[in-house]
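Engineer: I have a structure I would like to understand better, so I am pasting it below and will then ask my questions one at a time.
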Amino acid sequence: MTWKEKVHEVIYEADTKAGKVFDVALLIVIVVSLALVVLDSVEQISLEYHSLFVTLEWIITIFFTIEYILRIISIKKPKNYILSFYGIVDFLSTIPLYVSLVFVGSGALLSLRALRLLRVFRVLKLARYTGAGSVVSVALKKSMPKILIFLYSVIIIAFVSGTIMYLVEGPENGYTSIPIGIYWTIVTLTTVGFGDIHPVTPLGQFIATLIMLLGYGIIAVPTGIVTAEMTKENVSRNTQVCYNCGESIHQDDAQFCHKCGYDLKR
């Protein structure tokens, strides 16, 4: 294989040992980055460790920049990756700190890195939870991915919405940090509504309205329909990504890409 194909195998696939190590390391760096963003938004902690947080975040940003560049140069059709969902997420996850050099306050956009945690499903291979076994075992395996996806979606909504409310409302209206914003979002999303803090600005109230409606939507969705739809797919799949076209959905025993015909075993 060429060096580009070797790099592609490591950063795009989780079937190999090197690919798994890379993905796990990437997830650890993402979690550390998110922790830095949250802690830096707490005034007492930020006053003492802000310089350290900035230094660490620059190191992490440079790491993500190198990763993003490698993803572009290690695929035959970079445009497919750049315009893909993960390509856009990777880009948005890399630029916030650079943007913060120009626009003050945009550093909070670093919370978009939470979206990159979607890659955890490639490592855990949740699609393989449809294997044979006892009735209870199969039921548990099929239910776990759905539960994790649901909880993950709620966490993403809470994290992003909490950050937005922190930026929109600010400390003067009770939103003194990102954790407080996340707390308010969860309380609102679950329709509990303690009322200890609430948005005051028109924009904040509009966002709160959308979150409340979204909360009712989540509660009202019939889980039976979702379960029926998700259990229709019984084909065992892997994480192999086609080097030629970037297609990422292939059966375990596939030798050629179903989209462009490229030899996956090359």
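Engineer: Within region 74-92, is there a residue that is surrounded by 17 or more Cβ atoms within 10 Å (Cβ to Cβ), acidic (Asp, Glu) and touching a residue at least 60 places away in the same chain (Cβ under 8 Å)?
Structural biologist: Within region 74-92, none of the residues are surrounded by 17 or more Cβ atoms within 10 Å (Cβ to Cβ), acidic (Asp, Glu) and touching a residue at least 60 places away in the same chain (Cβ under 8 Å).
Engineer: It is to be established whether one or more residues within region 31-43 are at pLDDT below 85 and in a loop (DSSP other than H, G, I, E, B).
Structural biologist: Within region 31-43, one or more residues are at pLDDT below 85 and in a loop (DSSP other than H, G, I, E, B).
Engineer: Further question: In region 182-201, which residue that is among the hydroxyl-bearing types (Ser, Thr, Tyr) and part of a loop (DSSP other than H, G, I, E, B) is nearest to Val160 (Cα to Cα)? Walk me through how you get there before you give the answer.
Structural biologist: From region 182-201, those among the hydroxyl-bearing types (Ser, Thr, Tyr) are 183, 185, 188, 190-191, 201; that's our starting set.
Now restrict to residues that are part of a loop (DSSP other than H, G, I, E, B): 190-191, 201.
Details: Thr190: 16, Thr191: 18, Thr201: 18 Å.
Filtering region 182-201 for residues that are among the hydroxyl-bearing types (Ser, Thr, Tyr) and part of a loop (DSSP other than H, G, I, E, B), the one nearest to Val160 (Cα to Cα) comes out as Thr190.
Engineer: Under the condition of being of a type in the set (S, T, N, Q) and in contact with a helix residue (DSSP H, G or I) (Cβ under 7 Å, 6 or more places away or on another chain), which residue from region 49-79 is nearest to Asp90 (Cα to Cα)?
Structural biologist: Keep residues of region 49-79 that are of a type in the set (S, T, N, Q), which gives 51, 55, 61, 65, 74.
From what is left, the residues that are in contact with a helix residue (DSSP H, G or I) (Cβ under 7 Å, 6 or more places away or on another chain) are 61, 65, 74.
Values: Thr61: 11, Thr65: 9, Ser74: 15 Å.
Going through the qualifying residues, I end up with Thr65.
Engineer: Specify which of the listed residues (Val154, Val160, Val102, Val89) is over 13 Å from the mean Cα position of the chain (by Cα), at pLDDT 70 or above and within 30 Å of Tyr68 (Cβ to Cβ).
Structural biologist: Criteria check complete, one pass: Val102.
Engineer: Output the number of the condition that Leu27 fails; it satisfies all remaining conditions of (1) farther than 30 Å from Tyr166 by Cα; (2) in contact (Cβ under 8 Å) with a residue 24 or more places away in the chain.
Structural biologist: Against the list (1) farther than 30 Å from Tyr166 by Cα; (2) in contact (Cβ under 8 Å) with a residue 24 or more places away in the chain, Leu27 comes up short only on (1).
Rundown of residues vs (1) in contact with a Cys (Cβ under 9 Å, 6 or more places away or on another chain); (2) at pLDDT below 90; (3) of a type in the set (D, E, K, R); (4) not in a helix (DSSP H, G or I), yes/no style:
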{"position": "Tyr175", "(1), (2), (3), (4)": "no, no, no, yes"}
{"position": "Ile180", "(1), (2), (3), (4)": "no, no, no, no"}
{"position": "Leu203", "(1), (2), (3), (4)": "no, no, no, no"}
{"position": "Ile207", "(1), (2), (3), (4)": "no, no, no, no"}
{"position": "Val226", "(1), (2), (3), (4)": "no, yes, no, no"}
{"position": "Lys265", "(1), (2), (3), (4)": "no, yes, yes, yes"}
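Engineer: Related question: What single numbered condition from (1) within 22 Å of Pro145 (Cα to Cα); (2) at pLDDT 55 or above fails to hold for Phe121?
Structural biologist: Unmet condition: (2).
The values are calculated or read from the model by the stated rules, or taken from the named source; none is laboratory data. Source: prediction; values computed, not measured. All Cβ positions, glycine included, derive from the backbone under ideal geometry; neighbour counts span all protein chains shown.
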